1. Sequence-distant or interchain residues sharing an amide H contact under 5 Å with Y68, placed H: which?
2. List, in order, the whole-Hz ³J(HN,Hα) value for each residue of the stretch 81-90 obtained from phi through the Karplus relation with A = 6.51, B = -1.76, C = 1.60 and θ = phi - 60°; use x for Gly and Pro.
3. Nearest 10 degrees, 0 to 90: what angle lies between the long axis of helix 29-46 and the longest principal axis of the chain (Cα atoms)?
4. Relative contact order (percent) for the chain, with alpha-carbon contacts under 8 angstrom and 6 or more residues of separation?
5. Kindly work out what percent of the DSSP beta bridges joining two residues of the chain are antiparallel, to the nearest 5.
6. At 1.4 Å probe size, with every protein chain present, just tell me what the per residue accessible area of the chain comes to in Å².
7. Could you please report the charge total around R42, scoring K, R as +1 and D, E as -1 over all other residues with beta-carbon less than 11 angstrom from its beta-carbon?
8. Relative to the first principal axis of the alpha-carbon coordinates of the chain, what is the inclination of helix 9-25, with its axis defined by its Cα atoms, in degrees from 0 to 90 and to the nearest 10?
Amino acid sequence: MSYGVYVRRLAELDALEAQAWYELQQSGLGTSFNDEFGHALRRLEETPLIYQKIYGSVRRVVLRRFPYLLWFVIEGKEVVVLACTHGKRSPSFIRSRLR
């Protein structure tokens, strides 16, 4: 079964900010971040249930090459990405973004 994936605007802005930062660090690295973000979204389309619940019904997927986490919930046949945060962000910041 394939799920639809919806990325909230705030999560999209998080990812764009990270992409821009990586691109400033090294040419092409922002594109690599964007590719990895897209790969994570494709994994969520196919297998969102393999990721454990962290906060209530909120789950997370870890980007493979970058220290970022995608926080999401499953609503029926749709995956809703709530936030894209750096792995070192404080738990209180993360919880505030998941509302």
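The values are calculated or read from the model by the stated rules, or taken from the named source; none is laboratory data. Values in this document were obtained by computation on a predicted structure and should not be read as measured data. Cβ: placed from backbone, ideal geometry, glycine included. Neighbour counts: every protein chain shown. Side chains are part of the model used for accessible areas, which takes the heavy atoms of the whole protein and leaves out ligands, DNA and RNA. Shrake-Rupley method; radii C 1.70, N 1.55, O 1.52, S 1.80 Å.
1. L63, G87
2. 7, 8, 7, 10, 10, 5, x, 8, 5, 5
3. That works out to roughly 10 degrees.
4. On the way: 143 pairs, mean separation 30.4, N = 99.
Worked out over the chain, it gives 31 percent.
5. Values: 14 of 18 bridges.
If I count the DSSP bridges inside the chain, around 80 percent turn out antiparallel.
6. Numbers: 5880 Å² over 99 residues.
Per residue, the chain has 59 Å² of solvent-accessible surface.
7. Working: positive: R43; negative: D35, E36, E45, E46.
Every neighbour counted, the sum reads -3.
8. 30
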